[in-house]
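The structure under discussion appears below in the form of structure tokens.
Read the figures in this text as sums done on the coordinates, not as results from a lab. Remember, predicted model here, so these are calculated numbers, not experimental data. Neighbour counts are summed over all protein chains in view; Cβ atoms, including those assigned to glycine, are modelled from backbone coordinates with ideal geometry.
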Amino acid sequence: MTGQNPCCLFLGPELGEKQTALDELRKKFRSEPEETVYYAGETAAGEIVAALRNGSLFSESRLFIIKSAENFKKKDEIDLLASYMVNPQNDTVLVLLSEENSIAKQLEKAVPPQAKRVFYELSDQKKAAWVRDFFTGSGLKITPDGVLTVLEMVENNTAALKGECARLILFFNKGDELGPAEVEKWLSHTREESAFTLFSRIADGDFSRSLQSLRVLLAAKTEPQAILAGLLWCFRKLRDYVNLSESGVTDEWEYKKIGVIAPQARRDYSGAARLYDSAAVETCISLTAEYDYKIRAAGVFPKQILLDDYLYKIHSSAVSRDR
């Protein structure tokens, strides 16, 4: 193992840049390390520390990754892990990951300042530039509305953007130009479950399919906070859409200005606007913030139960299908 820090902390919601940082860290090992991944809250801190303290029989170095590190909340667990971090194994690198911007202060203090990084969400301008550059680098063209459609339909981080855009380019030849219709057609064909597909189920008023979508997301280890963050983004855009609709606006350009461009997005938001008036949308936004707090404070309490309850209340907030 080279001289990298034995304990690192990678924070923030920008998953793509965080993954790049992890890949760069892996390259610093002289030989491929034995890699182990844990999820905080699913495995006891005592079990994790015991594994950290035990040496490897098969590799000269080890890489331990603990995801969702914000879920270390109990004092005894924090004390135990922090005591390891101030005196780590020489052959082991420990990386704590969290989509939050901070975790337990005692754990943060145990990480050398130079080994702590926060990966903030990219601005809309930078995300748009990222998408344009991706397609240009792949020999394709994409219109400005095509770019906005990608951003409407894909989760808000470059890891998700990279995965969806990489699938999208498989359907086109070099030199082709993609507009919103092409983007929506093929992303809808290839896209995996996300907070945005879950919102589509909510917009349809289909509670059972919403639950099904949620199950798929949780089975894929999507963080509950990431699901709620995506839905919050959708409900805020729905608020803008409903305000325009209730003001009698019919100009399509006004809807484009709030980012409702792709046909699927228009269907989702117009459908949701039949279910939720402005007061109901505010209720959904408040519920999303409330359950985000509850999940962060839940500790080991099953988060699926909280999310099921959240979805039930979201669907119950609908006013009418035919307002």
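What to note about this one:
- Extreme residue, positive dipole direction of the chain, given options 317, 106, 220 (C-beta unit charges): 106
- Look at the Cα gyration tensor of segment 35-165: its axes a ≥ b ≥ c give a/c of at least 1.5 with a/b over b/c, and that counts as prolate.
- Computed over the chain with a Gaussian network model linking Cα atoms closer than 10 Å, the most mobile of 213, 247, 188 is 247.
- Fluctuation leader among 222, 20, 158 - the chain, Gaussian network, Cα springs under 10 angstrom: 20
- Per-residue [θ]222 nm for the chain (sum of -39500 (n - 2.57) over DSSP H runs n ≥ 4, rounded to 500): -17500 deg cm²/dmol
- Subset of 73/237; 74/303; 127/162; 105/303 violating a 22 Å alpha-carbon distance limit: 73/237; 105/303
- When both segment 165-218 and segment 56-107 are represented by their alpha-carbon centers, they are found 35 Å apart.
- Sorting the segments 101-113, 42-54 by their residues' average number of neighbouring beta-carbon atoms within 10 angstrom, most packed first, yields 101-113, 42-54.
- For the chain, the Cβ-based charge dipole about the Cα centre amounts to some 320 debye (Lys, Arg positive; Asp, Glu negative; other atoms uncharged).
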